[in-house]
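The values are calculated or read from the model by the stated rules, or taken from the named source; none is laboratory data. No experiment lies behind these values; they were computed from the predicted model shown. Ideal geometry is used to build each Cβ from the backbone, glycine not excepted, and the neighbour counts take in all protein chains shown.
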Amino acid sequence: MPASQKPALSPATYRKDVKRIPTRFGYGDGVIEAGRKNENVVVLCCDLTESTRSFGFKEAYPERFIQMGVAEQSMAAIAGGLALEGKIPFISSYAAFSPGRNWEQIRLCAAIQNQPVKIMGAHAGVSVGPDGATHQMLEDIALMRVLPNMTVLSPCDYLEAKRAVEACVAIRGPVYIRFGRSATPSFTTAKTPFKIGRAETFKSGTDVAIIATGPLVHEALLAAKALEEKKIHAMVINCHTIKPLDHETIIAAAKTCGAVVTVEEAQAAGGLGGAVAECLARYQPTPMRMIGMQDCFGTSGDPDQLIKAFHLDHTEIIKQVLSVLTMKVS
């Protein structure tokens, strides 16, 4: 990758003092900006305005905020009606409840009618921590990417989350964006390339392509840096848009590297891993490994400890890279 094309990541990306901010904060700040730019933006929330960070929009535009109470199914249905009347509704709750509890209403009132309902799923992944398996939504990517008309996003850090929220307003159909609860490294900048539907190469390499999504993109970068010491040059791709998947970038990476490892804080079956496997099976069969939740639920614990316990950190990425390299066709 020419120097002029390298992504502008934070100088602190690989340092221990890298700033850490929850991606859900990106939703809170992004939706305020979206509301400032477009008066049709409205926000609905299910009694979780603090946790989902919807309170900022409520304070800025109280006449465009609807408190639904504990009623995710009604929230999705009402949002569909608002969209039919020309509004751009953002609905927010824990991902375990939206889309976990109201998937049918999202399907009927947003996806089938291709309405611009923006579904914001907070507290996704095992890094929710102490709340345990009931609140650690791991199946949301699979649930949402199977819906026709649905765009599915998993931003890697706070700033990318903010940019995703602002950008999704322009998409005419429904959009799902997942966010984490815990503070995670914030390493992109305003100059880092971002466009919905386009995967971004954060590090060039020719030996293996690490395709990651969400905050675990940072773990992929740490793994790639460590692999350099082993003379293994790993490409790192930030696949923030899981649907529509950037087939062109993924196929090119597979051709260049001849081996692929996917990384996500979600069920690998049906998630990013499944999506990449489908793409490669059809267009460019390539040896691959999938890092993610392996057909299991989470448990209560410290967020960082859970990431390690479920083998989602950079040490596991390194291990799987070394494994997949033995499968490369010479």
| request: Could you tell me which of the residues Val152, Val165 is closer than 19 Å to Leu44 by Cα and of a type outside the set (Phe, Trp, Tyr)? | output: Val165
| task | Determine which member of the set Glu72, Glu85 is over 20 Å from Ser182 (Cβ atoms), among the charged types (D, E, K, R) and surrounded by 18 or more Cβ atoms within 10 Å (Cβ to Cβ). | result | Glu72
| strands (runs of 3 or more DSSP E) within segment 19-84 that include 2 or more residues at negative phi and in contact (Cβ under 8 Å) with a residue 24 or more places away in the chain | 20-22, 41-45
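Filter segment 113-122 down to the residues that are in contact with a Leu (Cβ under 9 Å, 6 or more places away or on another chain) and within 15 Å of Pro215 (Cα to Cα) and list them by number.
Ala122
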| query | Yes or no: Ile119 assigned to a strand (DSSP E or B) and over 28 Å from Leu9 (Cβ atoms)? | reply | yes
| said: From the list Ala110, Ala170, exactly one residue is crowded, with 24+ Cβ neighbours inside 10 Å and farther than 18 Å from Ala212 by Cβ. Which is it? | reply: Ala110
| note | When segment 239-256 is checked residue by residue, the ones that are over 17 Å from Glu160 (Cβ atoms) and in a helix (DSSP H, G or I) are His247, Glu248, Ile250, Ile251, Ala252, Ala253, Ala254, Lys255, Thr256
| Test: residue in segment 222-230 that is part of a loop (DSSP other than H, G, I, E, B), at pLDDT 95 or above, among the charged types (D, E, K, R) and over 21 Å from Cys156 (Cβ atoms) | yes
| field | Residues being surrounded by fewer than 24 Cβ atoms within 10 Å (Cβ to Cβ) and over 16 Å from the mean Cα position of the chain (by Cα) - total across segment 260-289 | value | 12
| request: Please find, among Leu9, Leu48, the residue that is out of contact with any helix residue (DSSP H, G or I) (no Cβ under 9 Å at 6 or more places or on another chain) and among the hydrophobic types (A, V, I, L, M, F, W, C). | output: Leu48
| message | With the structure loaded, tell me whether Pro99 is buried (at least 24 other Cβ atoms within 10 Å of the Cβ), in contact (Cβ under 8 Å) with a residue 60 or more places away in the chain and part of a loop (DSSP other than H, G, I, E, B) or whether it fails that test. | response | yes
| query | Quick check: is even one residue across segment 147-158 more than 12 Å from the chain's Cα centre (by Cα) and in a helix (DSSP H, G or I)? | reply | no
| query | Are any residues in segment 1-54 under 15 Å from Pro89 (Cα atoms), among the hydrophobic types (A, V, I, L, M, F, W, C) and at pLDDT 95 or above, and if so, which ones? | reply | Val31, Ile32, Ala34, Val41, Val42, Val43, Leu44, Cys45
